[in-house]
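See structure below.
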Amino acid sequence: MSEKPPPRKMPWFAIVAVLAICLATPTYFVYSFIADRRTVQELPPPAAAYLDALIAGDRAKGYELLCEHRRDQVPLERWRADRNMEPHVTGYRVIAGRVSRPSEGPVGYSVEVELRYSDSHLEQVALPMVEEDSGWKVCTDRGY
């Protein structure tokens, strides 16, 4: 009679892979949830500072609060001239900071605000935000 072959053992790397997936996936989602909550709270103050500077007429301060990408595209003097358009923003209300995690593409950060213009109309917009070395910056190409 022939002997039964010894039972097959599961390879150690398969066990490690399954454990890694089972531990890493929930850890990632918990970390993302906590990090996103903190980020949502950090986003509105820089957006408000940007809008405060524009409303106060402090164009240099508003320009400083723009992301580096926008400052590289538009020199300060041209940016200042673009801010003289009518109607201009006279007030705002911050609605909420937002973090979007699309299934494809980078994570997006924005602050939803309701803008009040000099002609009294209201507009709800999302100000895109970018984190740079010096903190969160507004990264919009739209003049307000």
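Just so it is clear, none of the values below were taken in a lab; they were calculated from the coordinates. These numbers come from a predicted model, not from an experiment. Glycine gets a Cβ as well: all are built from the backbone with ideal geometry, and neighbour counts include every protein chain shown.
Brief remarks follow.
- Three-way shape call for the chain based on the alpha-carbon gyration tensor, with the a/c threshold at 1.5: prolate
- Degrees, to the nearest 10: 12-42 long Cα axis against longest axis of the chain: 20 degrees
- Vicinal HN-Hα couplings computed from phi for segment 108-124 (Karplus, 6.51 cos²θ - 1.76 cosθ + 1.60; Hz; Gly/Pro x): x, 10, 7, 10, 7, 9, 9, 9, 10, 9, 5, 8, 6, 7, 10, 9, 9
- When the helices of the chain are scored as -39500 (n - 2.57) per DSSP H run of n ≥ 4 and the total is divided over every residue, the value at 222 nm lands at -14000 deg cm²/dmol.
- For Lys137, a cut-off of 20 angstrom between C-alpha atoms picks up these lysines, skipping any fewer than 8 places away in its own chain: Lys61.
- The angle separating the long axis of helix 44-56 from the principal Cα axis of greatest extent in the chain is about 10 degrees.
- Listing Thr27, Thr90 from fewest to most neighbouring C-beta atoms within 10 Å gives Thr27, Thr90.
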